[in-house]
Amino acid sequence: ENENKLVETEKPQETFEDVGGLDEVKKKIRMNFIFPLKQPELFAAYGKEAGGSLLLYGPPGCGKTFLARAVAGEIDAHFMHIELQAILSMYVGQSEHNLHDFFEKARNNKPCVIFIDELDALGGNRHQMRQHHDRMLVNQLLLELDGLQASNGNVFVIGATNTPWYLDPALRRPGRFNHLVFVPPPEEPERETILKLKLAGKPVGQIDLAKIARETKHFSGADLQQVVKDAVECALERSMESGSIEPITRDDMSRACNGRKPTTLEW
Ligand code: ATP
């Protein structure tokens, strides 16, 4: 059989518990995606069925991709990641064909979460030469989304963008990406939670995570993950020298924080 190598599904192991904070977003996703799948009769009584689409937006590195994977993990669904930039770099015709293959594969692997990154790539202010190509791909995407609505059920489409205002307005109409959900940068308590999650299971000394959370204003989840990685590096170096497992210290963490600039400020 002629399998498209680009179009792969996986089964993520992440769940909502691995995602720090974002309680409002999780609640919205539970109501719209997860409960309808788990209690189809109840939701059917109100004319609702499982499936549909959602648009996540917010600064980079705050968990949009991670959350989409966790949705799949929560409902034991397949997961497909569509990178629009990669699809757009193909020849006209081939792009549309590939996009169709993604949706076809999703329909054959229900329940399935399709995550479409960089949706704004299909928007305004692009080079004139590209516009025809963009339009064709937008049309194909609309066709696929509308097709899902008609065939209904158990395919979930999560779009993501850092800049929703650049999105093609046709994508925002009812039944498409009309549910817009903000994925905010983590506040102090959420930063503490994320640090805890990223340090879990590792050898750690006495570290005041609340203090570090306070001192990492404007850090994204991705920034915090990097902080932990840098701190781990330091502890590993010491361990290599001493020949035993050295815990991650307060100093390792502080140094790692000082060596980073928060990325959500630039957004
Ligand atoms: P982009 O807009 O750049 O695609 P994104 O919002 O999709 O960014 P992710 O790729 O989900 O960001 O986040 C990058 C990494 O940061 C994740 O793999 C995860 O480990 C970590 N991370 C971000 N936010 C959280 C969070 N709320 N809880 C736990 N980990 C997080």
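Listing for the model above:
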read-out	value
30 Å Cα-Cα threshold exceeded, pairs from Lys64/Lys211; Lys198/Lys261; Lys27/Lys105; Lys11/Lys261; Lys105/Lys217	Lys11/Lys261; Lys105/Lys217
Antiparallel bridges, percent of DSSP beta bridges restricted to the chain (to nearest 5)	5 percent
Nearest-0.05 FRET efficiency for Gln149 and Lys261, computed from C-beta distance (R0 30 Å)	0.10
Sites Ala44 and Glu237, calculated FRET efficiency, Cβ-Cβ separation with R0 51 Å, nearest 0.05	0.30
Of Val155, Val204, Val228, the one that fluctuates the most in a GNM where the chain has Cα springs shorter than 10 Å	Val204
Degrees, to the nearest 10: 188-199 long Cα axis against longest axis of the chain	80 degrees
Extent along principal axes [Cα atoms of the range 212-262; Å; largest to smallest]	37, 16, 14
Estimated [θ] at 222 nm from DSSP helical runs (n ≥ 4, -39500 (n - 2.57)) normalised by residues in the chain, nearest 500	-13500 deg cm²/dmol
The range 1-121: C-alpha pair distances exceeding 23 Å, %	36 percent
Between helix 221-242 and the chain: long-axis angle, C-alpha atoms, 0 to 90°, nearest 10	40 degrees
Amide H partners (placed H, <5 Å) of Phe156, local residues excluded	Cys112, Val113, Ile114
Net charge, Asp18 excluded, C-beta distance under 11 Å - Lys, Arg +1, Asp, Glu -1	-1
Cα centroid separation, the range 1-69 to the range 158-236 (Å)	17 Å
Exposure proxy order (Cβ contacts within 10 Å, fewest to most) of Arg173, Arg69	Arg173, Arg69
The chain - Rg and Dmax from Cα coordinates, angstrom	20.9, 65
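Since every read-out is calculated from the coordinates, none of them should be taken as a lab result. Model, not experiment: these values are computed from the prediction. Glycine also receives a Cβ, built like all others from the backbone with ideal geometry; neighbour counts cover every protein chain displayed.
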